[in-house]
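Here the structure comes first, spelled out in structure tokens, and everything after it is commentary.
The values are calculated or read from the model by the stated rules, or taken from the named source; none is laboratory data. Note that this is a predicted model, so its numbers are computed, not measured. For neighbour counting, all protein chains shown are included, and Cβ atoms are generated from backbone atoms with ideal geometry for every residue, glycine included. Ligands, DNA and RNA are excluded from the accessible area calculation, which covers all protein heavy atoms including side chains. Shrake-Rupley method; radii C 1.70, N 1.55, O 1.52, S 1.80 Å.
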Amino acid sequence: MTDHRQALATARNDDQTADLASNLYEHVRQLNLATAGPPSLTLPGTAYAILGNLSAATYGLDQVLDQINRFFLRELQADRLGHDQAEDLADVLSRHGQALTEARRHARALCAALGDAQSTINAVHSRATHGREAPPTTEGKTHVDDAGVAAAANDFPRPITDPTLLAPPLTGGRNRFIRTLRPNTPEA
């Protein structure tokens, strides 16, 4: 499981803030490689989780873009900005603000579309098939670890959640493993 506590650290300077954006790009690049196919993407639940996280990330981009725009406006008002080609800063920042407003609109639309895509596949699941073989990797070769998956699929052609694998409930008498609470007791 991933430790998200490291991601919660606050940047303490401009270099660390720029590194966060660089890391975001690197994570997207790695996600592109991982979602190209097996062995990194084999379950609908994984795709569902990815879409949910991408939707949340694009939701957060709206705030980042707004804060960048506000930064420039504060700096302009405090007279702390210049321009290398001596262009009028008000005009430059006006175009910048319009571009960020458009980007924010697209980010909100992308967030909504990703959320819709995620909710659409909410009930989609994998079905176990008899004699299931390991899926090929993107290079057309079976991944080394997939051989064990194929062997396990042959030995266990049904998932452990299959109702036919569960013991039938006891009929008559009370099951000693099931504890019932009385509604008026402090435990209830």
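Any idea what Rg and Dmax come out to for region 1-114 if you just take the C-alpha atoms, in Å?
Computed over the Cα atoms of region 1-114, radius of gyration and Dmax are 18.0, 55 Å.
Per 5 Å bin, what is the whole-percent P(r) computed from every C-alpha pair distance within region 13-62?
All Cα pairs, binned at 5 Å, distribute as 5, 17, 21, 24, 16, 10, 5, 2 percent.
Starting from the Cα of Q98, step 7 Å along the direction of its Cβ; do the same at R80; then give the gap between the two resulting points in nm.
In this crude spin-label approximation the distance works out to 2.7 nm.
Tell me, what are the semi-axes, in whole angstrom and largest first, of the equivalent ellipsoid of region 61-134 as set by the roots of 5 times the Cα gyration tensor eigenvalues? Each step should come with its number before you reach the end.
Numbers: eigenvalues 445, 32, 20 Å².
Semi-axes, largest first: 47, 13, 10 Å.
When only the heavy atoms of the protein chains count and the probe is 1.4 Å, how do Y48, Y25, Y59 rank by accessible area, highest first?
Values: Y48 80, Y25 145, Y59 165 Å².
The ordering from most to least exposed comes out as Y59, Y25, Y48.
Could you check the simple spin-label distance between Y25 and S40, using points 7 Å along Cα→Cβ, in nm with one decimal?
Here the modelled spin labels are 1.8 nm apart.
Take every Cα-Cα distance within region 32-83, group them into 5 Å bins from 0 onward, and report for each bin the whole-number percent of pairs it holds.
For region 32-83, the pair-distance distribution reads 4, 17, 14, 13, 10, 9, 8, 8, 7, 6, 3.
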